[in-house]
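Each reported figure results from applying straightforward, stated rules to the coordinates on display, with no laboratory input. This structure is a prediction, so every number in the text was calculated from the model and none was measured. All Cβ positions, glycine included, derive from the backbone under ideal geometry; neighbour counts span all protein chains shown.
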Amino acid sequence: MNIHYLQHVPFEDLGSMEETLTAGGHYLTCTRLYAGENCPNDDAFDWLIVMGGPMGINDTDQYPWLTEEKNFIRRAIENRKIVLGICLGAQLIAAALGARVMKNPHREIGWFSIERHPQLEQTSFASVFPRQLEVFHWHGDTFSLPDGAVPLAASEACLNQGFLYGERVLALQFHLETTAESAAELIKNCGDELDGSCYVQSEQEILQIPERFDRNNRIMAAVLSTLEALQRGPDA
């Protein structure tokens, strides 16, 4: 399959997903929006992955490409593509589906547990996400749920940690794809956000147990496998 991803800053790429997807024989292409690249034609890809970034979805004065990006995501959903959003990408998907995106009551950075929503148990992702899971976060914004979306999980700091829309669109507020190396890049580029507030961990706390990233990366691989199965359909 042709899998296209949208990248907002040089230091937030596919992370662990790149190895998983290339090992599965998928063809990867990228639009580097920060470099002024244009999105492809709507029929040029099967999946769309929308990555994270430090900007907000309404920062169009500073990042004018956000306007076209939202339209591009909306068309991908309307064309029944598989669409996966990570952090900012999840917020962009929520906005494309008519939901509100706003400041979360707390900045959430580091390792915090999420609790799976009961409604997710009736979906294909019930076996992917355990009832409770420690995941890596780096966000200050959140979103309301789009109409018709199935809530994925909540944390103590953030009510909406993701959603599933129509079993082909998955939005994740947290970062299962982050590796120890890409977390270090986040700290290097956005370390001023480590402000010591209630739900913000220190650099040492974030990086001190590398095995956490490996566990999250394995779940990310299971997410991708489930999306692939949905793309192929029940008779594949």
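Out of the range 93-147, which GluC sites (Glu not before Pro) are coil in DSSP terms and have no more than 10 other C-beta atoms within 10 Å?
Sites meeting the loop and neighbour criteria: none at all.
Per the Debye formula on identical point scatterers at the alpha carbon atoms of the chain, with no solvent, log10 I(q)/I(0) at q = 0.13, 0.15, 0.16 Å⁻¹ is -0.73, -1.01, -1.17. Each residue of the range 207-214 was assigned a 3J(HN,Hα) from its phi angle through the Karplus expression (A = 6.51, B = -1.76, C = 1.60, θ = phi - 60°), giving 9, 6, 10, x, 4, 4, 5, 4 Hz with x at Gly and Pro.
Compared with the direct C-alpha span, the chain from residue 232 to residue 103 gains 42.7 nm at full extension, assuming 0.36 nm per residue. As a rough footprinting exposure proxy, the listed residues 45, 11, 129 were ranked by other beta carbons within 10 Å of their own, and the order from fewest upward is 11, 45, 129.
By the beta-carbon count within 10 Å of each Cβ, the least crowded to most crowded order of 27, 165, fewest first, is 27, 165. Would you mind giving the average projected area, over all directions, of the Cα convex hull of the range 6-84 in nm² with one decimal? The Cα convex hull of the range 6-84, projected and averaged over all directions, gives 5.3 nm². The range 107-122 and the range 21-71 have Cα centres separated by 25 Å. Average 1/r across all pairs of distinct alpha carbons in the range 143-236, invert it, and you get the Kirkwood radius: 15.4 Å. Amide H to amide H distances under 5 Å link residue 136 with 175, where only residues 5 or more positions off or on other chains count and H is placed in the peptide plane. Residue order for 13, 141, fewest other beta carbons within 10 angstrom first, comes to 13, 141.
Label separation (residue 41 vs residue 167): 3.1 nm, computed from points 7 Å beyond Cα along the C-beta direction.
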